[in-house]
Every structure is written in C-alpha cells, then in structure tokens.
C-alpha cells in the first residue's frame, strides 16, 4: 500500500506515542499487582479523542499528502485511528509492542488494545504461521466486541471508525476477509451483525448479506438473513440502555420484507413482543413499549394482534 507523506514533526510525534505505549506495556508486564490498572490506563489513553493541538501535528494539511487520520468522516478522531495507520507503515515500532501484548495476552484490556492498534495491520500483512494468525484474529474479534459494548453501555460512537473499517474494508472486501481463517471470518460476520444497526450502517445490509461466509450449520440456522436476524434478536435481549434499545427498535424496521425461516421470524416476533408489556422479564419503559409495537406493526402487520393475544396468554400460564 502506498505510504502517505508525513512531516518530521509528525513522525517524531507518532514515534513518541509509540515509545510511550511500549514503556507502559513493559511496566504492566513487570508489575503484576498494577497490571490491570496500567492496561486499563493505556486503553483509555489510545481511545481518547485527539485534541486540537495534537491534531495540528498529526494532520498535515500543508503537505502534498495528508495523514490517513484525516480521512475519518464519522465519529470523533481518536488516537487509535492515527496509531492504527502508523503501525501499518512503521514495522520497527510495531514489533516490540506486539511482542509485549502477546506476553500480556490473557490480561484484561489486552485484546482491546490489540484491536484498536492493529486492526488494519492484521489485514495488510502476510503471516505464514496459521496458529499466530488464528490467535491474532481471535483477539481482534474479542477486543472489537468488547470496545463496541463499551460504546453501547455509554451510548457513544467512539469506536465507530473501527466498526466501519471491519464492515466496509474487511467484511465487504474478500481480498482482506480471506486473509484470516474461516472461523475468524464467521466470528467477524456474527459480531458485525450484532452491531450493524447501532453504528447506523443499515444501508450496508444488502451487500453485507451477499458477502456472508459459509457456515457448516447453515442447514440448521438458515441463510445469511436468518443468521443476521438471529444475532440481532439475541442482541436486543441483552440491551439495557434505553436510548440504545430505542435506536435498535427504530433501525430494525430495515428488516421489513426480508425472507426468513419460520423459526427465525417467530424468534424475532417473540423478542419484540416481550418489550410490549410492562413488567418482567424485560421491564420495558413506556417509550420502549411504544417503539416495540411500532416495529411489530411494520414487520408483522397481519399476525400481530393474534400473536400478541397468544403471547400474553402463554405468559400468564407460565
């Protein structure tokens, strides 16, 4: 891939950031009692939004080429955006950091840090060792899932650029997706299915379904649409932040007209009905109940009232 121009000032700044990351990882490895706190601090540092002063150094508008960090058009520009591009280009800086992360592999926040710093690098290099590739791919999926849940729990979109890269530049581009093992491809697809509505990428669903990797249990779980809806249904049942749940219920209307297996359709219908009544197990608010009914009316216009009656009867008997 072509390397963008960068000024000596920008290079020195990014080198200094790399050295700071390296030192903190060394400290974490040497200090077992403070390891978790140090890794959490490092994760928070690289997830920070780039302030104006740092942006003036990083984004080189006066050069013939500009830092790839400027090419972020949704969500805030964070340090991990800049560093992910930097570690693709500068191998001498990334190797020691990768080595330290591998040694801290089992620790909290290690996969978070790996996903943020090396999500682009993993798809731009060639790794000959299948075991190493699987380890890195699994860490990416785990770390990305963790940081996306942080966005959900805080109702923010700080990691939106990471999601966009994994969706648009990986899942929708087989030249990159095929670089990781089949199991990692499937895990990536399932992960993206769960968060695609949260990150406002409903317009990408048609292309996303066409790029679905092969699943050995497809005869049981159905096709790409069934897999997507099953993951979204499971996600809905886990959401506890009201604004996020309302967002999903609004965006889920994109599924209208999608051909699904009866079991998949019933599963989604039952999930949505569980949000229409006050009390357990979901304890939905009035706004959630209203949004769930609207989604049901649109997605299941014929059977909605019959199913609602049967569902409430079943709930009382249970």
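The values are calculated or read from the model by the stated rules, or taken from the named source; none is laboratory data. What you see is a predicted model; the values in this text were computed from it and never measured. All Cβ positions, glycine included, derive from the backbone under ideal geometry; neighbour counts span all protein chains shown.
See the values below:
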read-out	value
Any hit, the range 267-289, residues being in a loop (DSSP other than H, G, I, E, B), surrounded by 19 or more Cβ atoms within 10 Å (Cβ to Cβ) and over 26 Å from the mean Cα position of the chain (by Cα)	yes
Count of residues meeting criterion [closer than 29 Å to residue 156 by Cα and surrounded by fewer than 18 Cβ atoms within 10 Å (Cβ to Cβ)] in the range 212-230	1
Unique match (being under 28 Å from residue 140 (Cα atoms) and touching a residue at least 12 places away in the same chain (Cβ under 8 Å)) among 260, 272, 239	239
Test: residue 231 is part of a helix (DSSP H, G or I), modelled with pLDDT of 90 or more, in contact with a helix residue (DSSP H, G or I) (Cβ under 6 Å, 6 or more places away or on another chain) and at negative phi	yes
Failed condition for residue 36, given (1) at pLDDT below 90; (2) surrounded by fewer than 20 Cβ atoms within 10 Å (Cβ to Cβ)	(1)
Any chance residue 194 is surrounded by fewer than 18 Cβ atoms within 10 Å (Cβ to Cβ), touching a helix residue (DSSP H, G or I) at 6+ places or on another chain (Cβ under 6 Å), assigned to a helix (DSSP H, G or I) and without any contact (Cβ under 8 Å) to a residue 60 or more places away in the chain	no
Some residue of the range 235-244 being at pLDDT 95 or above, within 30 Å of residue 125 (Cβ to Cβ) and part of a loop (DSSP other than H, G, I, E, B)	no
Set 158, 176, 164: member being touching a strand residue (DSSP E or B) at 6+ places or on another chain (Cβ under 8 Å) and touching a residue at least 40 places away in the same chain (Cβ under 8 Å)	158
